[in-house]
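The values are calculated or read from the model by the stated rules, or taken from the named source; none is laboratory data. In this text the structure is predicted, and so the values were computed from the model without any measurement. No Cβ is skipped: glycine too gets one built from the backbone with ideal geometry, and neighbour counts run over all protein chains shown.
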Amino acid sequence: MSGEFPRAGFWRRFASLIYDSLVVISLSMLTAILYFAAIQSLIALGFIPQTEDPAALIQDSPLLYGMRSALFIGVNIVFFAYFWTKSGQTIGMRAWRLKVQTRDGNLITWPQAIIRSVAALLGLGNLVVLVDFKNKRALQDYISKTDVVALTKEENKRIYRSLD
């Protein structure tokens, strides 16, 4: 099944990444709001000392700042891993008819998805596609042993309908 669809080139991957970035930014904003609300609650309950500027407290505390950073990274990894393991497509990939899969055409596993997310280096791993003319594979494809393929309209619709 791997050879059934051609591997995706750089520009389709890039366009998909732009779409997904908008979703990830929204999720990050929601995460920040919830994290800030949790810190405010801990201050109100007396677990954290009272302060005039909770944002400065988070920024100045290595523990709170590190927790916030880890939370952002975790939310982003879970976003991509969930969609990749469920259907092989994120929202942006669905719009651009792309699918991530194992080299034999199956859905990727959670460990592969996590490795792929980390190896993508905020999308910079896709730059490898620009120089890998023959294989059209990104850094994260090589490291996680996956492929990103360009689907036909019919196959894209079939995958979307199968999610119901």
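Below is a table of values for the structure above.
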item: Close pairs (7 angstrom Cβ cut-off, 6 or more residues apart or separate chains): closer than 19 Å to Ala32 by Cα in the range 42-62, part of a loop (DSSP other than H, G, I, E, B) and not charged (D, E, K, R) anywhere; result: Leu42/Ile48; Ile43/Gln50; Ile43/Thr51; Leu57/Thr51
item: Those residues of the range 92-143 which are more than 24 Å from Tyr160 (Cα to Cα), of a type in the set (S, T, N, Q) and crowded, with 16+ Cβ neighbours inside 10 Å, in sequence order; result: Asn126, Gln140
item: Total residues in the range 127-158, condition over 15 Å from Gln112 (Cα atoms), part of a helix (DSSP H, G or I) and either of a type in the set (A, V, I, L, M, F, W, C) or in contact with an Asp or Glu (Cβ under 9 Å, 6 or more places away or on another chain) (or both); result: 6
item: Criterion (part of a helix (DSSP H, G or I), buried (at least 16 other Cβ atoms within 10 Å of the Cβ) and of a type in the set (S, T, N, Q)) met by exactly one of Ser26, Ser21, Ser16, Ser41; result: Ser16
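For (1) modelled with pLDDT of 95 or more; (2) within 17 Å of Leu27 (Cβ to Cβ); (3) in contact with an Asp or Glu (Cβ under 9 Å, 6 or more places away or on another chain), each residue gets a yes or a no:
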position: Ala44; (1), (2), (3): no, no, no
position: Pro49; (1), (2), (3): no, no, no
position: Leu71; (1), (2), (3): yes, yes, no
position: Val78; (1), (2), (3): yes, yes, no
position: Tyr82; (1), (2), (3): yes, yes, no
position: Lys86; (1), (2), (3): yes, yes, no
position: Gly92; (1), (2), (3): yes, yes, yes
